[in-house]
Amino acid sequence: MLFTRFVESKIGEYLKSDRNEIVFIWGPRRSGKTTLLEKLSKEMNERIFNFNTISDRELFVPRREALEKIVSEHKVLMIDEVQNYPESTVSLKILFDEFKPKIIATGSSELRQKSKEFDSLAGRYSELYCLPLTLGEIRQNSKLKSYEEANFFRSLYENVQIFGAYPEIYSNTKLSENRKIKLLEKIIDAYVLKDIVSIYDLKNTKLARDILLKIALQLGSEVSIREIANSFQANVGTVSNYIEIFIRNYILVPLYPFKTNARRAISENRKLYFMDLGLRNALVKDFRPTSLRPDKGGVFENFVVSEIAKVVRNYNLNLNMYFYREYGGREVDIVLEDYKKNYWTFEVKSGREISKDAFPIENRFSIINIENLFKTILEIDKISSA
C-alpha cells in the first residue's frame, strides 16, 4: 500500500505557487523520501537526479552554462540524497539566483553541517519533513467506517508501539512479524549505524550501538552523558557528539528540562526518546505485546513524545518541547511552549491514573491516555495559533 504523506500537500502548494525558493525535505533513511520523489516524478514526467551517483553529481558543477542546460530541459529539478554532494550548495545558489527554477531536494539534514556554503542559501529555501508515519497519516489512508474506529485504534496503538511506523514496515500488511523484525534490524545496522558512522567519519560503530542501547533501556529517565561515557570508558565529548548526530538524523528526540525563574527545576540532563519505537525495540530485542512488558509505561510515553514531535515538525509549529521536574520530585512529562510564552502541559498515563498539574506557570493541563491520544495529537497543530 502506497501511503499519501502529509508533506505531499505542502509540495503541491509549492508547485502551484509562484514562490521562488528551494524546498528541502529532510528525514531519516527509509522514511519514504525517495518513494515520494518517485511518485512526483511519475506524475510530472520529470527525472530524479540522484546524488548517490557520480554521474548525476557531475551534472551539477557550479558553472552557469552547465546549469543552464539542465534548467532548459526540466520544469522542476528533483534531487535525491542531496547530502551526498555538499558542494552542490554552490550550484543550488547559482540556480536560484540566475534561473529560479522549482527545486525539490531530499536528504538528511547533515547537509547543513557538512557544507561550509550552506549559510549562503539563507532566504532562498524552506524546509519540510518526511518522518516515520504519524497517526494522522495512518488514519487518513485508512478507509474506515465510524463503527470500525475503536478497534482500529486499539490495534494501531499496539502495532506502532511494537513495530514502529516506518512506511515499508507498517504499510506492508503481508509482512510476517519475523520479517518486520529482520527489516528493523537491517535499518539499524545498515542505515542508522553503518551509514551514519560512514557519513560522519565516526571511529567506533560498536560504541554508537552501545550508546543507543543504553538510551533505549532508560526510556522516560534523564540521560547523563557522563554516566554513559563512564560505563563504556569513553570520552564525554565523543559520547555527546554521537548523541547529537543521532538527534540531527531523526533517530532520537530530545526533551530538555524546563527552567523557571524560581529555580525549582533541578535537572540538567535531557530525556531522550526514539523517533520510532520499532528501532528501539530492535535494539533491546523485545517485541512482546505491551501488556507483557515491564517497560510499557516508558514505551507509551515514548509513543506520545514521538507523535507530538512528528506533528511539530510536519506543521513547522513554533513550539518548544520540555519536561519539568522539581526538587520535591513532582514532574510534568511534556511541556509545550510557544513563542509568546504560552504553555500546554501533559501527563502521559498508560492507564487511567489521575494526576494534578505540577507546573508552576499558568498553563493548559491535560492527561494523555489511550482513550484520548488520537484526539489530543490531532489538536497539537492548533496550539500555536490558539
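The values are calculated or read from the model by the stated rules, or taken from the named source; none is laboratory data. In this text the structure is predicted, and so the values were computed from the model without any measurement. Here the Cβ is made from the backbone with ideal geometry for all residues, glycine too, and neighbour counts use every protein chain on show. All accessible areas refer to the heavy atoms of the entire protein, side chains included, with ligands and DNA or RNA removed. Shrake-Rupley method; radii C 1.70, N 1.55, O 1.52, S 1.80 Å.
How about region 1-55: which of its residues are assigned to a helix (DSSP H, G or I) and touching a residue at least 60 places away in the same chain (Cβ under 8 Å)?
Selection gives Phe6, Val7, Lys10, Ile11, Tyr14, Leu15, Lys33, Thr34, Thr35, Leu36, Leu37, Leu40.
Suppose we keep only residues that are closer than 25 Å to Lys39 by Cα and over 31 Å from the mean Cα position of the chain (by Cα) within region 52-98. Which one would you say is least open to solvent (accessible area, probe 1.4 Å)?
Here the residue is Leu67.
Select from region 110-167 the residues that are of a type in the set (A, V, I, L, M), within 19 Å of the chain's Cα centre (by Cα) and over 28 Å from Glu185 (Cβ atoms) and list them in ascending order.
Leu128
Looking at region 107-121, which of the residues that are open to solvent by less than 30 Å² (accessible area, probe 1.4 Å) and part of a helix (DSSP H, G or I) is nearest to Ile245 (Cα to Cα)?
The extreme case among them is Leu111.
Identify all residues within region 172-210 that are of a type in the set (Val, Ile, Thr), more than 19 Å from the chain's Cα centre (by Cα) and assigned to a helix (DSSP H, G or I); write none if there are none.
Ile181, Thr205
Restricting to region 284-319, count the residues that are part of a helix (DSSP H, G or I), without any contact (Cβ under 8 Å) to a residue 24 or more places away in the chain and not small (Gly, Ala, Ser).
1
Any idea which of (1) over 27 Å from the mean Cα position of the chain (by Cα); (2) of a type outside the set (A, V, I, L, M, F, W, C); (3) more than 30 Å from Ile196 (Cα to Cα) is the one Tyr14 doesn't satisfy?
Exception for Tyr14: condition (1).
Yes or no: region 343-351 includes at least one residue that is in a strand (DSSP E or B), among the hydrophobic types (A, V, I, L, M, F, W, C), closer than 25 Å to Glu222 by Cβ and out of contact with any helix residue (DSSP H, G or I) (no Cβ under 9 Å at 6 or more places or on another chain).
Among the residues of region 343-351, not one is in a strand (DSSP E or B), among the hydrophobic types (A, V, I, L, M, F, W, C), closer than 25 Å to Glu222 by Cβ and out of contact with any helix residue (DSSP H, G or I) (no Cβ under 9 Å at 6 or more places or on another chain), which makes the answer no.
Just the residues that are surrounded by fewer than 18 Cβ atoms within 10 Å (Cβ to Cβ) and touching an Asp or Glu at 6+ places or on another chain (Cβ under 8 Å), please, taken from region 122-153.
Once the filter is applied, which keeps residues that are surrounded by fewer than 18 Cβ atoms within 10 Å (Cβ to Cβ) and touching an Asp or Glu at 6+ places or on another chain (Cβ under 8 Å), region 122-153 yields Arg124, Tyr125, Ser126.
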